[in-house]
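Following: one structure in structure tokens, then a few remarks.
The values are calculated or read from the model by the stated rules, or taken from the named source; none is laboratory data. What you are looking at is a predicted structure, and each value in this text was computed from that prediction instead of being measured. Counting neighbours? That spans all protein chains shown, and the Cβs are built from the backbone with ideal geometry, glycine included.
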Amino acid sequence: MFSSRRKFLVLLVLCLSIAVPAHAKTHDTGFLDRSITVRGATYKYQVFVPDTWTPYQKWPVILFLHGTGERGEDGLQETDVGIGTAIRSNRSVIPAIVVMPQCRPTFWWEQPPMDDLAIAALDAAIKEFHGDVRRTYLTGLSMGGFGTWYLAGKYPGRFAALIVICGGIRPPAAALKANPALAKWTPADDPKSYADAAAKVGNTPVWIFHGADDDIVPVTESQRMYAAMKEIGADVHYTEFPGVRHAAWDKAYDDPKLFPWLFSKALAVKDK
């Protein structure tokens, strides 16, 4: 009898040792390392997953494009400026999957295959973390602000809303000098270029931010895109920070109205 009871207890322990981990399994959250292969090259990037993430619901997704200072191949620097800082300051403000690809040195987001990398990382995160394609957003700062306008125009109707910080459509002269190939993706200095860019983006809601004293990207870039978006009747907001130079992103992402505005936007349900 003792032997039977002992066998029963051993069997019970074995069952519990198998069942408990399966039941108590947790999902990784926070900043997660990821990599993806695009056109034969492998790129490291980061995905932020909220602490409250669960696979039993769909999550809003933000694609973030960093600036020139965070370019590299470590897959980490892109979290150090902009939305990564905002997340670390208060995670509860951004209850979304945040995808942060990293642009290679000497490239801009408009240049292939960086544009393909950004979309591939976004698609991978949507699939892995139950992203909601109706609540997918795009934001970027500086070089990433230029990339935001570019990708929004290349994929019209893909994003529910945009946040563009100190960006534009015509890169500064210094950038063109350092990267002559970028001229291929730079439109003419003509009002029609801004009108064409706005037409490509269409009625996607957008909030534009820029420092009034920006000494890197002329504030006129954002002013002209704001006017062009207003001209087509888009849902566009514009905030210009007096006395602020290029680093307008901390004030922008810290605006208490920004993320409630962003998450209020969703793409319409398509008829089947």
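Looking only at residues of segment 41-57 that are of a type in the set (S, T, N, Q) and within 27 Å of residue 116 (Cα to Cα), we find that the one that is farthest from the chain's Cα centre (by Cα) is 42. Looking only at residues of segment 239-266 that are part of a helix (DSSP H, G or I) and of a type outside the set (A, V, I, L, M), we find that the one that is surrounded by the fewest Cβ atoms within 10 Å (Cβ to Cβ) is 260.
Checking each residue in segment 209-223 for being surrounded by 24 or more Cβ atoms within 10 Å (Cβ to Cβ) and assigned to a loop (DSSP other than H, G, I, E, B) picks out only 217. Within the set 115, 189, the sole residue that is more than 12 Å from the chain's Cα centre (by Cα), assigned to a loop (DSSP other than H, G, I, E, B) and either modelled with pLDDT under 95 or of a type in the set (Asp, Glu) (or both) turns out to be 189. For the condition of a type outside the set (A, V, I, L, M, F, W, C) and touching a residue at least 40 places away in the same chain (Cβ under 8 Å), what is the one hit in 105, 113? Result: 113 is the single residue among 105, 113 that is of a type outside the set (A, V, I, L, M, F, W, C) and touching a residue at least 40 places away in the same chain (Cβ under 8 Å). For segment 237-260, a residue qualifies if it is without any contact (Cβ under 8 Å) to a residue 60 or more places away in the chain and aromatic (Phe, Trp, Tyr), and the qualifying residues are 238, 241.
Taken over segment 195-217, residues that are touching a residue at least 60 places away in the same chain (Cβ under 8 Å) and closer than 14 Å to residue 146 by Cβ amount to 2.
Residue by residue, here is whether (1) modelled with pLDDT of 95 or more; (2) assigned to a helix (DSSP H, G or I); (3) surrounded by fewer than 14 Cβ atoms within 10 Å (Cβ to Cβ) holds:
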| residue | (1), (2), (3) |
| --- | --- |
| 17 | no, yes, yes |
| 21 | no, yes, yes |
| 26 | no, no, yes |
| 43 | yes, no, no |
| 53 | yes, no, no |
| 87 | yes, yes, no |
| 103 | yes, no, no |
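The rows are residues; the columns are (1) among the basic types (Lys, Arg); (2) under 25 Å from residue 122 (Cβ atoms).
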{"site": "175", "(1), (2)": "no, yes"}
{"site": "184", "(1), (2)": "yes, yes"}
{"site": "202", "(1), (2)": "no, yes"}
{"site": "217", "(1), (2)": "no, yes"}
{"site": "234", "(1), (2)": "no, yes"}
{"site": "239", "(1), (2)": "no, no"}
{"site": "247", "(1), (2)": "no, no"}
{"site": "251", "(1), (2)": "yes, no"}
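For the residues 161, 175, 181, the requirement of being among the small types (Gly, Ala, Ser), buried (at least 23 other Cβ atoms within 10 Å of the Cβ) and either in contact (Cβ under 8 Å) with a residue 60 or more places away in the chain or within 22 Å of residue 134 (Cα to Cα) (or both) singles out 161.
Of all residues in segment 72-86, which are on the phi < 0 side of the Ramachandran plot and in contact (Cβ under 8 Å) with a residue 40 or more places away in the chain? Passing the criteria: 79, 81, 83, 84, 85, 86. Condition (residue is in a strand (DSSP E or B) and more than 20 Å from residue 69 (Cβ to Cβ)) applied to segment 159-175: is it met by at least one residue? Checked against the condition, which is being in a strand (DSSP E or B) and more than 20 Å from residue 69 (Cβ to Cβ), segment 159-175 yields at least one hit.
For residue 95, the requirement of being part of a loop (DSSP other than H, G, I, E, B) and over 15 Å from the mean Cα position of the chain (by Cα) is not met. Looking across 269, 206, 236, 201, one residue alone is out of contact with any Pro (no Cβ under 9 Å at 6 or more places or on another chain) and surrounded by 14 or more Cβ atoms within 10 Å (Cβ to Cβ). It is 206.
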